[in-house]
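Shown next, in structure tokens, is the structure this report addresses.
The values are calculated or read from the model by the stated rules, or taken from the named source; none is laboratory data. Bear in mind the structure is a predicted one, so any value in this text is a computation, not a measurement. Cβ sites come from the backbone with ideal geometry, for glycine too, and all protein chains shown count toward neighbours.
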Amino acid sequence: MAALENSIRELRKQRGLTQEEFAVKIGVTRQTVIAIEKGGYVPSLELAYKIARVFNKHIEKIFTFAE
Amino acid sequence: MTLKGFSIIRLAIVLLIGITTAVAFVIGNLFLAIAGLLIGALFVFLVRQQYKHVIIDERVLNVSGHAARLTHLSSTLLLGIVALFLIFSGQQNDEFYVESLGVVISYVALFNITLYAIFFHYFNKKYGGTRE
């Protein structure tokens, strides 16, 4: 089964951001950040761009499509 | 204000509205029930204005959409079955009121489906859906 994996947790910790702070930066709730980090929710393209902008990285460096 | 504080205040307001409405119905005062609902809605709105953080995001909307679709499906199906049962039962036992109730409930089910279709058409159009 194909799945979209991400490195948000690691990147967020590297930058010393809490889930709450990160949620405020990308305009979502903390529960959504938790869900995305756990892989339970795949964000929309718009949200993925916002996440990429916070980390100053390309989307494909954060999200990887694993088969 | 934290999310927890906001949730507690909102729950308290909803409880107060519920109690006020129940008391209003018991004493038969419709004005009190309507006033309670309006004041409660106003308080929820004012508290919401104080809470600056995001409460509804795309995941919440996604979850709401799934829940709404399942609720619509199950409630419409249930209403349809109950309506059919009441209509046939009323006809067999010559109970006019039971049959009428069944007809009313079937109209409610049809209204449910119509409303869903209208909203579906509206949002489908809004989010770029075409019939090509």
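Counting only residues that are of a type in the set (Phe, Trp, Tyr) and either within 16 Å of residue B:56 (Cβ to Cβ) or more than 13 Å from every other protein chain (Cβ to nearest Cβ) (or both), segment A:1-59 holds 2 of them. Sub-9 Å Cβ pairs linking a first residue in segment A:44-58 that is exposed (fewer than 12 other Cβ atoms within 10 Å of the Cβ) to a second residue that is of a type in the set (A, V, I, L, M), at least 6 apart or interchain, are A:45/A:59; A:58/A:52, ordered by first then second residue. Residues in segment A:13-38 that are exposed (fewer than 13 other Cβ atoms within 10 Å of the Cβ) and either of a type outside the set (Lys, Arg) or in contact with a Pro (Cβ under 7 Å, 6 or more places away or on another chain) (or both): A:14, A:16, A:18. Listed conditions (1) part of a helix (DSSP H, G or I); (2) surrounded by 12 or more Cβ atoms within 10 Å (Cβ to Cβ); (3) within 14 Å of another protein chain (Cβ to nearest Cβ) are all met by residue B:4, apart from (2).
Residue count for segment B:1-44 under the criterion of being polar (S, T, N, Q) and touching a helix residue (DSSP H, G or I) at 6+ places or on another chain (Cβ under 9 Å): the result is 3. Against the condition more than 14 Å from every other protein chain (Cβ to nearest Cβ) and of a type in the set (Ser, Thr, Tyr), how does residue A:64 come out, does it pass? When the stated conditions are applied, residue A:64 passes them. Any residue at all in segment B:7-18 that is surrounded by 12 or more Cβ atoms within 10 Å (Cβ to Cβ) and within 14 Å of chain A (Cβ to nearest Cβ)? Yes, the conditions are met somewhere in segment B:7-18.
For (1) at positive phi; (2) modelled with pLDDT under 95; (3) of a type in the set (Gly, Ala, Ser); (4) not in a helix (DSSP H, G or I), each residue gets a yes or a no:
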site	(1), (2), (3), (4)
B:102	no, no, yes, no
B:107	no, no, no, no
B:125	no, yes, no, no
B:128	yes, yes, yes, yes
B:131	no, yes, no, yes
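The residues listed here are B:97, B:127; of these, the one that is surrounded by fewer than 12 Cβ atoms within 10 Å (Cβ to Cβ), of a type outside the set (A, V, I, L, M, F, W, C), free of Cβ contacts under 8 Å to residues at least 40 places away in the same chain and closer than 23 Å to residue B:77 by Cα is B:97.
Please verify whether residue B:86 is away from every other protein chain (no Cβ under 14 Å), under 19 Å from the mean Cα position of the chain (by Cα) and under 19 Å from residue B:108 (Cα atoms), treating the condition exactly as stated. Considered against the rule, which asks whether it is away from every other protein chain (no Cβ under 14 Å), under 19 Å from the mean Cα position of the chain (by Cα) and under 19 Å from residue B:108 (Cα atoms), residue B:86 comes out as no.
Within segment B:19-61, the only residue that satisfies the criterion of being modelled with pLDDT of 85 or more, within 14 Å of another protein chain (Cβ to nearest Cβ) and either more than 30 Å from residue A:44 (Cα to Cα) or not in a helix (DSSP H, G or I) (or both) is B:57.
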